[in-house]
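Every read-out reported here was derived from the displayed coordinates using simple, explicitly stated rules and does not represent laboratory data. Note that the coordinates shown come from a computational prediction; the quantities given were computed from them, not determined experimentally. Methodologically, a virtual Cβ is constructed for each residue, glycine included, from the backbone with ideal geometry; neighbour enumeration extends over all protein chains shown.
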Amino acid sequence: MSNHSQFKKIISHAKEYGYIFPSSEIYEGLSAVYDYGQQGVLLKNNIKEYWWKSMVQLNENIVGLDSAILMHPTTWKASGHVDAFNDPLIDNKDSNKRYRADVLVEDYVAKLEHKIEKELNKASKRFGESFDKKQFLSTSHRVIEYKKKSELIISRLSKSLENEDFDDVRKLIEELEIRCPISGTKNWSDVKQFNLMFGTKIGASAESTTELYLRPETAQGIFVNYLNVQKTSRMKIPFGIAQIGKAFRNEIIARQFIFRMREFEQMEMQFFIPPGTQKIWYKQWKEKRLNWHLSLGLGDDNYRFHDHEKLAHYADAACDIEFKFPFGFKELEGIHSRTDFDLSNHEKFSGKKLKYFDTEKNESYTPFVLETSIGLDRMFLAILSNSLKEETLNDGSQRTVLSIPAILAPIKVAVLPLVNKDGLPEIAINIFNKLKLDFNSSYDHKDAIGRRYRRQDALGTPFCITVDHQTLVDQTITVRYRDTMNQERISLKDVSKKIQSEVSFKNWIKKV
Ligand code: ATP
């Protein structure tokens, strides 16, 4: 299956099984806004819990916060968002479609990377077992040419964006002969800046209204509360504040499903550190965050770091953890060394001191900040896209399975009576009523057992408990495992313990 059709399959599966619906669908939907259905909300909550526990519960020097979406408008002047939270946009005059100029260029570079991958595949087929990937990458003329070209393009784009030289960005698009995917022409407008913040108003009468913004990131809620939290929690630096919440960005191009949304959720942690120690913490948090991702078992090769060449106005080092989505490697999480940019600016704009008195050093300073910021919806998409599989079984039949890591699966266990008679439903309901006290569970007695297994596979339920006639004799049931389809007969009294060990936070996080 091509990546494009795999992606379409993911979107339709997400809708069919109650994971994600387009927002206000009965009115034709709202572009780049989505609702999470009955399965989706459970998966989302489980991702949040996995993140929250590993940040707040496991680190005695990290505490939580839940700050408001609406903030004093000066916040966004201090943070630089009013002046600098812009994307460069360009219009195609024939299709009247609007694009992010930098994304057009990046997509061009992604095509070059794709060509390198193709060369690699071809060569590995040609040379078979004796293929030396490293040697090929450093000697193939074509690969070297593609690589050089990509690097030149990215470095020129970074420089032009940094210098706000938008004429050169346009020139670059023209030189690369990039065409509009809709009209197929190269008839481009000038490149202009576009601020991504959504404006709104607070107050009842025209005279008393104040212009506000819906927050474009959750981080600023942490910075303005930094001293409140530090004083009331009596935290000593280094310490962190974690927060999960909604953010809003009026993205120019909203596509790729929940990858780029206008209303989305972030899980951010700001770690406050002494000035000058940022390199050490940057390295540590990069490692910690990658390990957190790897603990979920979505495949080590699906992650890579991408170090930023063009740094945001607040950062002295930054990288992304990229994930291999069906449309290629893209940013899943950002790790940023934010210096003292935010706290210093809030001091300046508010006139309030946000300094920390370090009793060990006997001096006061504005702390530096190390940020880890992951998009909850992108994490959701990473899991969904990695989990959806079409399998051909030994008997030639097909099954659709959503192999979501058990710790995150929306419904952990389904209880199924083999037949809907002979006293089996009564026992099954009894088991279900016990299990639901500990786990999100479901009970299903409709259709033949095989069809019910398929339904639970497609929903992503990792375990099915089947009650059959033998249960009446010896108080045993079968546990069926979603991913292997293996079945195991165990005693009824061990069921809860069994599921618990498969979905316990302790067992998953110890892989970190
Ligand atoms: P991008 O370059 O893809 O626009 P970004 O670098 O602007 O992302 P950050 O400001 O670093 O993103 O935000 C942190 C995280 O928030 C990102 O790593 C991503 O997972 C998530 N995120 C950002 N914008 C969106 C969006 N429009 N929709 C969904 N998630 C988003």
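So which of Lys246/Lys510; Lys436/Lys498; Lys15/Lys111; Lys283/Lys310; Lys15/Lys510 end up more than 23 Å apart by C-alpha? Kindly include the intermediate steps, with their values, before the conclusion.
Values: Lys246/Lys510 29 Å; Lys436/Lys498 14 Å; Lys15/Lys111 30 Å; Lys283/Lys310 19 Å; Lys15/Lys510 33 Å.
Check vs 23 Å cut-off fails for Lys246/Lys510; Lys15/Lys111; Lys15/Lys510.
Extension gain for the segment Glu106 to Leu294, taken as residue separation times 0.36 nm less the Cα-Cα distance, is 65.0 nm to one decimal. Remark: the Phe305-Asn96 segment gains 71.7 nm on full extension, using 0.36 nm per residue and subtracting the alpha carbon distance.
Starting from the Cα gyration tensor of segment 1-74, take the square roots of the eigenvalues, sort them a ≥ b ≥ c, and report rounded, prolate or oblate (rounded when a/c is under 1.5, otherwise prolate if a/b is larger than b/c, else oblate). Can you show the working numbers first?
Working: a/c = 2.57, a/b = 1.54, b/c = 1.66.
Taking the square roots of the gyration eigenvalues as a ≥ b ≥ c, segment 1-74 is oblate.
Selection among Ser441, Thr476, Pro417 by position relative to the dipole of segment 411-511 gives Ser441 as farthest towards the positive end (Cβ unit charges, Cα centre).
Angle check, please: helix 449-459 long axis (alpha carbons) against the longest principal axis of the chain (alpha carbons), in degrees 0 to 90, nearest 10. Roughly 10 degrees, rounded to the nearest 10.
Shown is the FRET efficiency for Phe194 and Arg234, computed with R0 = 51 Å from the Cβ-Cβ distance and rounded to the nearest 0.05: 0.70.
Over all pairs of different C-alpha atoms in segment 52-159, the reciprocal of the mean inverse distance, the Kirkwood hydrodynamic radius, equals 19.1 Å. Working note: Cα atoms of segment 411-511, range along each principal axis, descending, whole Å: 44, 28, 23. Loop-located trypsin sites (Lys or Arg not before Pro) across segment 389-474 with a Cβ neighbour count of 13 or fewer within 10 Å are Lys421, Lys446, with loop assigned by DSSP. Derived scalar couplings between HN and Hα for segment 230-243 equal 4, 6, 6, 8, 6, 6, 10, 5, x, 8, x, 10, 10, 8 Hz in order, rounded to whole Hz, by the Karplus curve 6.51 cos²θ - 1.76 cosθ + 1.60 (θ = phi - 60°), x for Gly and Pro. Of the trypsin sites (Lys or Arg not before Pro) found in segment 32-118, the ones in coil according to DSSP and having at most 15 other Cβ atoms within 10 Å of their Cβ are Lys93, Lys97.
Computed from point charges on the beta carbon alone (+1 for Lys and Arg, -1 for Asp and Glu), the dipole magnitude for segment 195-330 about its Cα centre is near 280 Debye.
How much mean residue ellipticity at 222 nm does the chain get from its helices, if each DSSP H run of length 4 or more adds -39500 (n - 2.57) and you divide by all residues, to the nearest 500 deg cm²/dmol? Per the formula, -12000 deg cm²/dmol. Applying 1/(1 + (r/R0)^6) with R0 = 30 Å to the Cβ-Cβ distance of Lys48 and Leu70, what FRET efficiency is obtained, to the nearest 0.05? Computed FRET efficiency for Lys48 and Leu70 comes out at 0.90. Taking the square roots of five times each eigenvalue of the Cα gyration tensor of segment 336-472, the equivalent ellipsoid has semi-axes of 54, 20, 11 Å, listed largest first.
Output the antiparallel fraction of DSSP beta bridges having both residues in the chain, as a percent to the nearest 5.
Working: 71 of 83 bridges.
Roughly 85 percent of the beta bridges in the chain run antiparallel, per DSSP.
Using alpha carbons only, how many degrees (0 to 90, rounded to 10) separate the axis of helix 278-294 from the longest principal axis of the chain? Roughly 30 degrees between the two axes.
Summed over all non-identical Cα pairs, the Kirkwood treatment of the chain gives a radius of 26.0 Å.
How about segment 67-137: which GluC sites (Glu not before Pro) there lie in a loop by DSSP and see at most 13 other Cβ atoms within 10 Å? Present the calculation step by step, with values, prior to reporting the outcome.
On the way: sites: Glu106, Glu113, Glu117, Glu119, Glu129; in loops: none.
Sparse-neighbourhood loop GluC sites (Glu not before Pro): none present.
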